[in-house]
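The values are calculated or read from the model by the stated rules, or taken from the named source; none is laboratory data. Being a predicted model, the structure only gives us computed values, none of them experimental. FYI the Cβ positions are ideal-geometry reconstructions off the backbone, even for glycines, and counts take in every protein chain you see. Remember, those area values only see protein heavy atoms, side chains included, never the ligands or the DNA or RNA. Shrake-Rupley method; radii C 1.70, N 1.55, O 1.52, S 1.80 Å.
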Amino acid sequence: MAKSGLGSDPESCAAITVLSRAVKLDEEGRYQPALVCYQEGIDLLLQVLRGTKDPTKRSNLRKKISSYMDRAENIKKYLDQVKEDGKYHKQIKIEEDATGFGYETLFQEYLTESVTEVWIEDPYIRQTHQLYNFLRFCEMLIKKPCKVKTIHLVTSLDKQGFGNVQQSSGLNEIKESLRTHGVLLEVEYSSSLHDREIRFNNGWVIKIGRGLDYFKRPRGQFSLGYCDFDLRPCHETTVDIFHTKHTKQI
């Protein structure tokens, strides 16, 4: 790419890095993240183009941008058709003790601006660490770019005395905190719930074998990974991602 008119300035280097990643993902058949990288790389190339004065370099950049835009458009058409046919399925296998699978890393490419409503089925939002997991998931949802207004949670009721109080108190506190951000949390309890599923109203469906509770306990209160879940070792689990035109309401 450098031979095509890109220099060693920060913008050009960033474009090379992102587009190289896009091509690698494309070759691996990982089209959804490849599309994201192509789009980001094209934006970076456009910034380089705006700052380039040399006519020959500008011409080469335009050709590069056109080529990447054509590929991105073809991928988008393919993914749109796959989604339309209801055949999209991506699986991620999280190995034992793997890191780099925090909620934002795992969900970010599916949380678009069109996400305003989320449905969560998880029977284990009961213990303290599980409530914290759910809280962190909610924190992610209220950040840009998505504009979540309603979160529906279906979980099982902790029937033990202290556990019941802790669960109820924790969820109520999360509900009130979300309310201050203009987000409604609706909680429903089910005694027959076993499946774990997360749905966004833009059609994405994510099924995690262990639900939101796939992180191991941190080694200590001041160890890396205590706050940043990307650094927290995980339990082995599988993540299945689907897309459907009509999101089922729980």
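Pairs linking a residue in the range 163-183 that is open to solvent by 90 Å² or more (accessible area, probe 1.4 Å) to a residue that is at pLDDT below 95 and in a loop (DSSP other than H, G, I, E, B), with Cβ atoms under 8 Å and 6 or more positions apart or on different chains, are His181/Ile142.
Once the range 124-163 is narrowed to residues that are among the polar types (S, T, N, Q) and in contact with a Leu (Cβ under 9 Å, 6 or more places away or on another chain), the residue that is farthest from Ile174 (Cα to Cα) is Ser156.
Need the failing condition index for Asp228 against (1) open to solvent by 20 Å² or more (accessible area, probe 1.4 Å); (2) touching a Lys or Arg at 6+ places or on another chain (Cβ under 9 Å), just the number. Answer for Asp228: the failing condition is (2). Among the residues of the range 28-73, the one identified as under 30 Å from Phe242 (Cα atoms), of a type in the set (Lys, Arg) and outside any helix (DSSP H, G or I) is Arg30.
Here's the yes/no breakdown for (1) farther than 27 Å from Gly209 by Cβ; (2) among the aliphatic types (A, V, I, L, M):
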{"site": "Leu25", "(1), (2)": "no, yes"}
{"site": "Asp43", "(1), (2)": "yes, no"}
{"site": "Leu46", "(1), (2)": "yes, yes"}
{"site": "Asn60", "(1), (2)": "yes, no"}
{"site": "Met69", "(1), (2)": "yes, yes"}
{"site": "Lys76", "(1), (2)": "yes, no"}
{"site": "Ile92", "(1), (2)": "no, yes"}
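When the range 77-121 is filtered for residues that are surrounded by 15 or more Cβ atoms within 10 Å (Cβ to Cβ), under 16 Å from Gln32 (Cβ atoms) and over 15 Å from the mean Cα position of the chain (by Cα), the ones remaining, listed by number, are Leu79, Val82, Lys83, Tyr88. Taken over the range 231-249, the criterion of being exposed (fewer than 14 other Cβ atoms within 10 Å of the Cβ), of a type outside the set (Lys, Arg) and closer than 30 Å to Lys149 by Cα is satisfied by Thr238, Thr244, His246, Gln249.
When Asn133 is tested against (1) part of a helix (DSSP H, G or I); (2) surrounded by 20 or more Cβ atoms within 10 Å (Cβ to Cβ); (3) touching a Pro at 6+ places or on another chain (Cβ under 9 Å), exactly one condition is not met: (3).
Considering only residues that are part of a helix (DSSP H, G or I) and touching a residue at least 60 places away in the same chain (Cβ under 8 Å), look in the range 136-162 and name the one that is farthest from Gly225 (Cα to Cα).
Of all residues in the range 136-162, those part of a helix (DSSP H, G or I) come to 136-141, 161-162.
Those left that are additionally touching a residue at least 60 places away in the same chain (Cβ under 8 Å): 136-137.
Working: Arg136: 14, Phe137: 16 Å.
In this case the residue turns out to be Phe137.
Just one of (1) free of Cβ contacts under 8 Å to residues at least 40 places away in the same chain; (2) in a helix (DSSP H, G or I) fails for Glu113. It is (2).
Every residue, every condition in (1) crowded, with 17+ Cβ neighbours inside 10 Å; (2) closer than 30 Å to Tyr226 by Cβ; (3) without any contact (Cβ under 8 Å) to a residue 60 or more places away in the chain, yes or no:
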{"residue": "Arg21", "(1), (2), (3)": "yes, yes, yes"}
{"residue": "Asp26", "(1), (2), (3)": "yes, no, yes"}
{"residue": "Gln47", "(1), (2), (3)": "no, no, yes"}
{"residue": "Tyr68", "(1), (2), (3)": "yes, no, yes"}
{"residue": "Glu73", "(1), (2), (3)": "no, no, yes"}
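Of all the residues in the range 193-217, those that are surrounded by fewer than 18 Cβ atoms within 10 Å (Cβ to Cβ), out of contact with any Ser or Thr (no Cβ under 9 Å at 6 or more places or on another chain) and at pLDDT 90 or above number 2.
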